[in-house]
Amino acid sequence: MKIAIPRERRAGENRVAASPETVKKLKALSLELVVETGAGLGSNLPDRVYQDAG
């Protein structure tokens, strides 16, 4: 199963669909994840932390 984590499009919206910790847990379940570039920026989560999470 493939799960996509999109970047929020609304102005002023700072939430993100998944945290790096959630990404680790989903990867441990052998799920395929795609995180859109910049998905966590509104929450001060740079792309690097998602890459490090898997």
Residues (on the phi > 0 side of the Ramachandran plot and either surrounded by 11 or more Cβ atoms within 10 Å (Cβ to Cβ) or of a type in the set (Gly, Ala, Ser) (or both)) located in the range 36-54 = 38, 54
remark   = Subset of the range 2-24, residues at negative phi, more than 12 Å from the chain's Cα centre (by Cα) and either surrounded by 15 or more Cβ atoms within 10 Å (Cβ to Cβ) or not polar (S, T, N, Q) (or both), comes to 2, 9, 10, 11, 13
query = Taking residue 33, is it of a type in the set (A, V, I, L, M) and open to solvent by 70 Å² or more (accessible area, probe 1.4 Å)?
reply = no
request  = Collect the residues in the range 8-54 that are among the hydroxyl-bearing types (Ser, Thr, Tyr) and part of a loop (DSSP other than H, G, I, E, B), keeping them in residue-number order.
outcome  = 19, 30, 37
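The values are calculated or read from the model by the stated rules, or taken from the named source; none is laboratory data. Bear in mind the structure is a predicted one, so any value in this text is a computation, not a measurement. Positions of Cβ are backbone-derived with ideal geometry, glycine not excepted, and every protein chain shown enters the neighbour counts. Areas reflect the complete protein model, heavy atoms only, side chains present, ligands, DNA and RNA absent. Shrake-Rupley method; radii C 1.70, N 1.55, O 1.52, S 1.80 Å.
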